[in-house]
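Please read the structure below before turning to the comments.
The values are calculated or read from the model by the stated rules, or taken from the named source; none is laboratory data. Nothing here was measured: the structure is a model prediction, and the numbers come from that model. Cβ coordinates were reconstructed from backbone atoms using ideal geometry, including for glycine residues, and neighbour counts include every protein chain displayed. Just so you know, the surface numbers come from the protein's heavy atoms only, side chains and all, with ligands and any DNA or RNA stripped out. Shrake-Rupley method; radii C 1.70, N 1.55, O 1.52, S 1.80 Å.
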Amino acid sequence: MTTPPRTNRSANLSANLSANLSVLTLPAFKDNYLWLIHDGSNAAIVDPGDAAPVKAALAAHKLRLTAILLTHHHADHIGGVPGLLQDWDVPVFGPRNDGIALVTHPLGEGERVDVPGLDLALDVLDVPGHTLGHIAYARRNSGRDPGADWLFCGDTLFGAGCGRLFEGTPRQMMESLEKFTALPDDTLVYCAHEYTLSNLRFAQAVEPGSAALDARVRADSAQREAGQPTIPSTVGLERATNPFLRHGEARIVQSLVEAGRLMPGATQVDAFAALREWKNTF
Ligand SMILES: [Zn+2]
């Protein structure tokens with residue numbers, strides 16, 4: 001077995017920076033996705049919870065790792081970082097305030113990352129809720145080409161769902177999700193877990209009769225039956241089907257009231273909190 005070469009960062013930066021970028025889906029653990037962004041030569045990994053699938057993909061596609069991007073401190077998102085750093089001398093971008101000692105380039109709201117080795121700029125959003133220091137990365141390219149806007153949102157937004165509130169408040173999570181709904185509808189949503197079908201069952205329970213939801217259930221069920229991921233989704237699809245982005249909709253409020261989980265006339269935050277609480281035990 002050969003050891004991959006340690007990288008020379010100046011060599012990485014001399015790569016063809018105009019090459020098209022693509023995103024590889026690397027399944028890990030039971031239902032995690034690690035995202036490998038590459039241009040055919042260089043690659044950046046988002047949330048490497050495990051080093052092994054990343055090393056295997058880099059070798060299979062003959063790619064050099066040039067950066068690591070982290071969204072939050074949970075082990076299934078950062079556990080592979082030490083193993084990758086053994087082989088690749090690369091910067092580790094991550095949240096300033098989420099307690100990750102491995103981060104070499106701390107980031108927060110409003111900052112922009114020019115990803116080393118790639119023609120890729122990512123804007124950083126603070127999205128507290130799942131953890132207090134959680135950040136997301138948005139590529140905003142509107143008008144350049146379709147499918148070029150990306151969101152790497154870790155465990156904040158999921159297909160038809162959102163992350164559990166381990167550290168933050170319902171209001172924080174609600175406001176974090178609102179940052180995503182402000183992105184263009186065709187933004188591809190790269191979240192970190194395959195939870196979509198289970199989330200859709202809850203979505204149908206709280207918003208019965210939604211044609212958009214029924215269509216998504218059919219499409220995503222077919223994807224899973226074919227062994228394919230349901231991710232990435234899009235901001236537009238989430239806006240149309242994700243109850244955690246639709247907590248103000250009359251039908252969802254009615255479901256919460258009928259279930260005895262919300263008083264009539266309650267606030268949006270109350271509705272969001274009741275929805276999250278309901279999903280925890282659904
Ligand atoms: Zn997490």
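Restricting to the stretch 248-282, name every residue that is crowded, with 17+ Cβ neighbours inside 10 Å and in contact (Cβ under 8 Å) with a residue 40 or more places away in the chain. Spell out how you get there, then give the answer.
Residues of the stretch 248-282 that are crowded, with 17+ Cβ neighbours inside 10 Å, as a first pass: 252-253, 255-256, 261-262, 270-276, 278-279.
Selection gives Ile252, Ser255, Leu256, Phe272, Ala273, Leu275, Arg276, Trp278, Lys279.
Restricting attention to the stretch 31-42, the residues that are in contact with a Lys or Arg (Cβ under 7 Å, 6 or more places away or on another chain) and not hydroxyl-bearing (Ser, Thr, Tyr) total 1. Under the condition of being charged (D, E, K, R), buried (at least 21 other Cβ atoms within 10 Å of the Cβ) and within 16 Å of the ligand (Cβ to nearest atom), the residues counted in the stretch 136-177 number 1.
Checked against (1) open to solvent by 60 Å² or more (accessible area, probe 1.4 Å); (2) more than 30 Å from Ala121 (Cα to Cα); (3) touching a helix residue (DSSP H, G or I) at 6+ places or on another chain (Cβ under 9 Å), Ala226 passes all but a single condition, namely (3). Within the stretch 98-135, the set of residues being out of contact with any Pro (no Cβ under 9 Å at 6 or more places or on another chain), on the phi > 0 side of the Ramachandran plot and within 16 Å of the ligand (Cβ to nearest atom) comprises Gly99 only.
Look through the stretch 77-86, keep the residues that are open to solvent by 20 Å² or more (accessible area, probe 1.4 Å) and either in contact (Cβ under 8 Å) with a residue 60 or more places away in the chain or more than 15 Å from the ligand (Cβ to nearest atom) (or both), and return whichever of them is nearest to Gly133 (Cα to Cα).
This residue is Pro82.
All conditions in (1) of a type outside the set (Gly, Ala, Ser); (2) in contact with a Ser or Thr (Cβ under 8 Å, 6 or more places away or on another chain); (3) over 23 Å from Pro27 (Cβ atoms) hold for Asp220, with the sole exception of (3).
Residues that are over 14 Å from the mean Cα position of the chain (by Cα) and modelled with pLDDT of 95 or more: which helices (runs of 4 or more DSSP H) entirely in the stretch 27-106 hold 3 or more of them?
On the way: elements: 51-60, 75-78, 81-87.
The helices (runs of 4 or more DSSP H) meeting that bar are 51-60, 81-87.
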